[in-house]
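First comes the structure, then the notes that go with it.
Laboratory data are not the source of any read-out in this text; all were calculated from the coordinates shown. Just so you know, these numbers come straight off a predicted model, no measurement behind them. Using ideal geometry, Cβ is built from the backbone for each residue, glycine included, and neighbour counts are taken over all protein chains shown.
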Amino acid sequence: MERRRELSEFERGMIVGARRMGCPISEVVRELNIPRSTVSRVYREYLIQGVTSHSGQRSGRPRLLNDDDRQRLAGIACANSQATLSEITCIFNAEAPAHVSRRSVQRSLASMGYRSRRPPRESEQSDESRSIPDPNSLESSHSLKPHDSVAPKTSPKALKPDVMVSTESS
């Protein structure tokens, strides 16, 4: 069942009319191919407000490709597995009533699990530069010698542990 589109006024009227005629919700769902929750909500709004029209706006932009379009796009991608993204977009747009951008096709294919065939780019480091340890790395092979200190160096005006300092001036 397609869930991303608004119901037309006609569909809302069909739901209300069928429910007023005594049709059970399950039969309305089966006949109109609309989710059960939608049928219940539309009829409840009608009972409370007495109107079948939906005056509230949905937030967000509706999806450009519906479920049928996405299924057709997946079929094109499978049938033309060696085609580039631009070629897949051209084939899709030749059959589609509305123009869809290359980026939209790319996003849709990615959300369906299709990824680029291009292997990841290798780094331009040579083998020699990979073997030189990074001095800032925590995984350095340098170990501390017994006389090395890990603690920060203290200032010459360091306090003795038993002396208490007051910030009040007298």
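For region 9-49, the alpha-carbon radius of gyration amounts to 0.99 times the rule-of-thumb value 2.2 N^0.38 Å expected for a compact globular protein.
With the simple spin-label model, which puts each label point 7 Å out from Cα in the Cβ direction, the residue 107 to residue 121 separation comes to 2.4 nm. So between residue 78 and residue 8, what do we pick up on full extension, going 0.36 nm a residue minus the alpha carbon distance? Stretched fully, the residue 78-residue 8 segment lengthens by 21.8 nm. For the pair residue 36 and residue 51, the difference between a 0.36 nm per residue extended length and the Cα-Cα distance amounts to 3.5 nm. Distance between the C-alpha centres of region 54-118 and region 18-38: 32 Å, rounded to the whole angstrom.
Sites listed here are trypsin sites (Lys or Arg not before Pro) in region 58-119 whose DSSP assignment is loop and whose Cβ has at most 12 other Cβ atoms within 10 Å: 58, 115, 117.
For region 9-49, the Cβ-based charge dipole about the Cα centre amounts to some 160 debye (Lys, Arg positive; Asp, Glu negative; other atoms uncharged). Overall shape: rounded for region 67-111, with the ratio a/c of the largest to smallest alpha carbon gyration tensor axis below 1.5.
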